[in-house]
1. So in the chain, what percent of DSSP beta bridges are antiparallel if you round to the nearest 5?
2. Sort region 261-395 into rounded, prolate or oblate with this rule: let a ≥ b ≥ c be the square roots of the eigenvalues of the Cα gyration tensor; rounded if a/c is under 1.5, and if a/c is not under 1.5, prolate when a/b is larger than b/c, oblate otherwise.
3. Would region 731-808 count as rounded, prolate or oblate if I go by the C-alpha gyration tensor, calling it rounded below 1.5 in a/c and otherwise prolate when a/b exceeds b/c, oblate otherwise?
4. Could you give the length gained by full extension between Gln567 and Ala691, i.e. 0.36 nm per residue of separation minus their alpha carbon distance, to one decimal place?
5. Of the listed peptides 170-178, 530-538, what is their order by residue-averaged count of other C-beta atoms within 10 Å, with the highest listed first?
6. For the chain, take the convex hull of the Cα atoms, compute a quarter of its surface area, and give me that in nm², please.
7. Classify region 552-803: rounded, prolate or oblate, from the alpha-carbon gyration tensor (a ≥ b ≥ c, eigenvalue square roots; a/c under 1.5 rounded; otherwise prolate if a/b is larger than b/c)?
8. What is the set of long-range amide H partners of Thr681 at a cut-off below 5 Å, with H atoms built 1.01 Å from backbone N?
Amino acid sequence: MLRLYRQLQHFINTSFRRKLILSVALVHAVLMSLFMFDLTWRQQQMLSQFQTEQAQVLSRSIATSAAGWLVSRDYYGLQEIIEAQQRYPELLFAMIIDKTDRVIAHTDDTKVGYFVRDLPSTPQERLLHQSAGLVDVAQPVFIGDNLIGWVRIGIGQEESSRALRAITFNGLLYTLIAILIGSLLAWRVANHLMDELRAIHSTANAVQRGNNTIRAKVIGNDEISQVARTFNAMLDSIVTTTNELTRSEERFNLAMLASRDGLWDWNLRTHQVYYSPRWKEMLGYQEHELVNELSTWETLIDSSDRELTMQYVTECLEGKRHGFRIEYKMCHKQQHWVHILAQGTLVHDETGAPYRMVGIHTDISDKKRQEETIWKQANYDSLTGLPNRKLLEDLLAQEIKQAHRGGLQLWLLFLDLDGFKLVNDTLGHHCGDQLLIQVAARLQQTLREDDIVARLGGDEFVAVLAGIEEASDLDRMANRILEMVGQRYRIHNDDIYISTSIGIANYPHDANNVEDLLKFADQSMYVAKREGKSRFAYFTQGLQLASKLRNEIAADLRQAINQNQFQLYFQPVVEMMSGRIVKAEALIRWFHPDKGVISPGAFIPIAEETGIICDIGVWVLQRAFASLQQWLQEGVVDHQFQLSINVSPYQLRHNNNRYDLWLKDFNRSGIAGHQIVLEITEGVMLRSEVAVNRRLLEYRDLGIQVAIDDFGTGYSSLSYLKEFDIEFLKIDQSFIRNLKPGSGEYSISEAIVVMAHKLGLRVIAEGIETEAQQRLLQQIQCDFGQGYFYSRPLPEAEFIDILGTARE
């Protein structure tokens, strides 16, 4: 039985159509059965009620008719009344009973004379019995108020029951017909629904097989049709989403290929780890050569980075971090390190619990190399490979901290090469560069391994020495440096000799910070140069005071122009053979309101360093033009008189046009070009700079003459003398000071004069202080002389007086 039930259940559950048909049939059967039950029950109730009422009406009628007959005891008449009732088809019996309960008339005459025992105890109409087959009614018979007997009627329900059964049968028939019709309709509807559902199912199967273009057929506008439309819309959405996802994955894959990043994915629940092919490739491995386990990643990380990396991962898992970003090194298959930027983040499920950790690996080895290159370029000298000023300051700051903690001394040696500029100017920058490289190498060889050697720029080097407590030990080290640097250099088949001047400052006695140590060592280096070069000098407090004064002068120079603290002095230049004053040199003097007279030798170098020399130069030119213009107007000098003006190299090299505005003043002044002589140093000419050459040619075109000042003190190149139409050479006073017959200075001075005259140039000797010097210069036919023998530099008014006296 159970097996049959399960088979039936399986039969029904495997088909929606069967379920629908059986459900409709069952519903129809239940409803029709309830309807037939209700109808039959109501018909039966109505029939019983009708028969009861019929029996009561008939019993009353008989009681009324039989009352008189009963009083007169006309039994035959009573019998006739009873027999007359037999025309009713469903009458089972009828009787009349006297008041003694004896039957005196009966439809069955055999029962006359019997006594009835179940009459009502009270004289009133009574329904004695009612069932599906009998309605038994007793009706009392009265004469006035006296009970004289009873009429009892029994009516059967055979015909009514037959009619009721017919109705029930017809109802059942109609029920079956309704069930059948309903089942047919359900079958039709089920087929319709199944067609639509089958269409949806077929479409779903096709989509599952990969056909995303097919759609379910929509029939009508019912709920299933709406489901089909929704299903089709869902398919459209899925296709769109799938296409977008595909495109997104393609873009992601392209992006990953372009970015060359490696992916890793760690399932925290299954502990499975996935490493993308690129993840393995950047470490030099093929896909199959690395096991997808967490230990693979961990063991490949450099041991110095492993602990921190795993700490970051643990903190992520413990909820202390949302993700991590860290750089570390991983071992390549070829046993070299790959710099990796690793990023990881947790993925949470719908409950918020982490179940995956995903991330990327980026190979930043090239970036690290670039950063290292950039760092090296920013911190090391590209020519010598030594630390530059920036790195030196950092290293020196660290050395100061260590010396402070250990209570030790620190020595800073500031080196500047002697004669390097001449090497550059004569042999070229390529030789100068090679020389710097060799000097750097010698310094590294000479100093100890822990000592710091740096190049500040140009020909300046710095050495930092720690662990030397005795000055005598430092003296020996400084002398070794002088000796090594001063040895011969062989560069491009040329033998080159240079020396170096060294300034020394000490921590903590001289200074306790980087800036002051460098500054004080620099100042002491200049002392070494002034004392003759190729030597070293220690910093002293006197140097510090001089430096302070130097800074004050630099700060006061700008105000000096605005507050007219400068004045022009003029020193006569005499024609040697005639003794006439034919020229003058304009010389600047600074009358400081607090410091008094400051010599040009004290402030001109500072002005050149700060750049204010260009403003001072413009001031000198303008004042010189104004003075010469006034002298010409007043007739103090003639138009053959020349005024010499010193021009700094910085004035010739500048790129600011406002420093050339003096040319407009010159053009407006009415002064002839040949009356102005600009004095420049020969070093400016040797460098052959474009800006300098352009300005010199411009001055030549204006007729302005040029004199080479301090001629003979450096390497000379005679080519520029003709290229720029040089008019005068000025013999430096260092030759004139020791000028004696037969001396080297005499020979050099004579050679300069002879050479100049051969080239069509004239010579001016400066620094003449004695008559003997004048006579010797006249002997070698020097053209002009200048010096204290003739006159010191004079204020303008005094100079005019001398001119007047000389003219008289």
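1. Around 80 percent antiparallel, to the nearest 5.
2. In terms of gyration-tensor shape, prolate.
3. Cα axes put region 731-808 in the prolate bin.
4. Using 0.36 nm per residue and subtracting the Cα-Cα distance, I get 41.7 nm.
5. 530-538, 170-178
6. It is 83.6 nm².
7. Because its axes are fairly even, with a/c under 1.5, region 552-803 counts as rounded.
8. Placed amide hydrogens put Asp709 under 5 Å from Thr681.
The values are calculated or read from the model by the stated rules, or taken from the named source; none is laboratory data. Nothing here was measured: the structure is a model prediction, and the numbers come from that model. Neighbour counts run over all protein chains shown; Cβ positions are idealised from the backbone, glycine included. Side chains included, ligands, DNA and RNA excluded: accessible areas come from the protein's heavy atoms. Shrake-Rupley method; radii C 1.70, N 1.55, O 1.52, S 1.80 Å.
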